[in-house]
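Written out below as structure tokens is the structure these notes cover.
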Amino acid sequence: MTPMSMGLTRTLLGAVERGLLMPYSAAAAADREIAMTGRHRRGSFMRRTKAWVIILAAVLAETAAITTGQADEADAKRLFKAMSDYLGAQKAISFDYDVNFELVSTQQQKIGLASSGTVTLNRPDKLHLTRTGGFANVEMVFDGKTLTLLGKNTNLYTQVDAPGAIDQLVDVLRDKYHRPVPGADMLMSDPYKELMPEVNDVKDLGAGVIHGIECDHLAFRTKEVDWQIWIAQGARPYPCRYVITSKKVTGQPQYTLDIWAWKTGAEVASDGFKLAIPTDAKKLAPDQVPELNDIPSHFTRKGGK
């Protein structure tokens, strides 16, 4: 049975239960009991016609809802694909960002860790990122061959050999070193390809306004996370807000990235993609530089992470 026919069946059964429509056998028996006068025939006909009109209206409304839902899903995918294509086509991008990383304590208290920073990239293999918060002051530069990360508060730095494009760098940082780049999904050359395979539910939630920019608000679900994105309307469909909610973690912590001061092409200031390391800075392994952690040490349990 198709979804539409199942919906029709439920609608009809519901109408019977509410008394809007009698079962066939009851209707036939009622008709035999009615005196076959013109007045009674007309009354019976009008009652049954009214019931069928109500049922038909309900069926049409349900069909319209199914059609609208399918159209909303298709439109949401189209809008996200357009954003992905736009981002992938930009050779130079820069923006400022704010992050709120929400944690849930063992006492089930939600705590937000806020930070801000800047991103500049030149495709395919140049990236410059800063992040400043109450517990970190980090600068990161990738020149296509080597990634250099400097913790300015601790005067500690690390370097990672990672020849390749930004897409490969993002994978290496996330999978090997557990150091995700803020909004890394949005820096990839094809976010649609990266994110959509795991999606099992899509919604177009209409419009919203982020930092004064009117946006299309879309919501997606996967087995592990829910995520939302607000995409600027118009000729520059860039992501203005990106929210990830972890459904499988107790308390469902959330990561929110706000993007603003968006620039592309000639608008982007020149960047040498070089990081000057202080002469007295100490070099450590990536996992030994505390400022590179998303969660500061005093927010972790002793003996745990």
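Looking at the range 163-186 only, could you name the residues that are assigned to a helix (DSSP H, G or I) and within 18 Å of LYS145 (Cβ to Cβ)? Selection gives ILE166, ASP167, GLN168, LEU169, VAL170, ASP171, VAL172, LEU173. Step by step: first the residues of the range 71-94, then only those that are aliphatic (A, V, I, L, M) and under 20 Å from VAL202 (Cα atoms), then the one that is modelled with the lowest pLDDT. Which residue is that? Among those that are aliphatic (A, V, I, L, M) and under 20 Å from VAL202 (Cα atoms), it is ALA71.
Within the range 82-99, track down each residue that is surrounded by fewer than 20 Cβ atoms within 10 Å (Cβ to Cβ), over 15 Å from TRP230 (Cα atoms) and among the aromatic types (Phe, Trp, Tyr). Listed by number, the list is empty, since nothing qualifies. Taken as a whole, the condition of being touching a residue at least 24 places away in the same chain (Cβ under 8 Å), outside the structural domain of LYS283 (by TED's automatic domain parsing) and either of a type in the set (Lys, Arg) or under 21 Å from GLU194 (Cα atoms) (or both) does not apply to ASP125.
To keep it simple, each residue is scored yes or no on (1) assigned to a strand (DSSP E or B); (2) at pLDDT below 90.
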| residue | (1), (2) |
| --- | --- |
| ALA219 | yes, no |
| LYS248 | no, yes |
| SER270 | no, no |
| HIS298 | no, yes |
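Surrounded by 15 or more Cβ atoms within 10 Å (Cβ to Cβ), hydroxyl-bearing (Ser, Thr, Tyr) and in contact with a strand residue (DSSP E or B) (Cβ under 7 Å, 6 or more places away or on another chain) - does that describe any residue in the range 216-232? Among the residues of the range 216-232, not one is surrounded by 15 or more Cβ atoms within 10 Å (Cβ to Cβ), hydroxyl-bearing (Ser, Thr, Tyr) and in contact with a strand residue (DSSP E or B) (Cβ under 7 Å, 6 or more places away or on another chain), which makes the answer no. Quick one: is VAL225 under 16 Å from ASP98 (Cβ atoms) and within 12 Å of the chain's Cα centre (by Cα)? No; evaluated as a whole, the condition is false for this residue.
Matching residues to (1) exposed (fewer than 14 other Cβ atoms within 10 Å of the Cβ); (2) in contact with a Pro (Cβ under 9 Å, 6 or more places away or on another chain); (3) more than 15 Å from THR120 (Cα to Cα); (4) outside the structural domain of LYS274 (by TED's automatic domain parsing):
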residue	(1), (2), (3), (4)
VAL138	no, no, no, no
THR146	yes, yes, yes, no
TYR157	no, yes, yes, no
ILE166	no, yes, no, no
VAL172	no, no, yes, no
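When GLY206 is tested against (1) in a strand (DSSP E or B); (2) over 30 Å from GLU73 (Cβ atoms); (3) of a type in the set (Gly, Ala, Ser), exactly one condition is not met: (2). Look at the range 199-222: where a residue is farther than 27 Å from ASP96 by Cβ and a partner is part of a strand (DSSP E or B) and aromatic (Phe, Trp, Tyr), sitting 6+ places away or on another chain with Cβ atoms under 6 Å, you get VAL199/PHE220; VAL202/PHE220. Picking from residues in the range 126-136 that are closer than 15 Å to ASP98 by Cα and of a type outside the set (A, V, I, L, M), the one that is surrounded by the fewest Cβ atoms within 10 Å (Cβ to Cβ) is GLY134.
The values are calculated or read from the model by the stated rules, or taken from the named source; none is laboratory data. What you are looking at is a predicted structure, and each value in this text was computed from that prediction instead of being measured. Neighbour counts run over all protein chains shown; Cβ positions are idealised from the backbone, glycine included.
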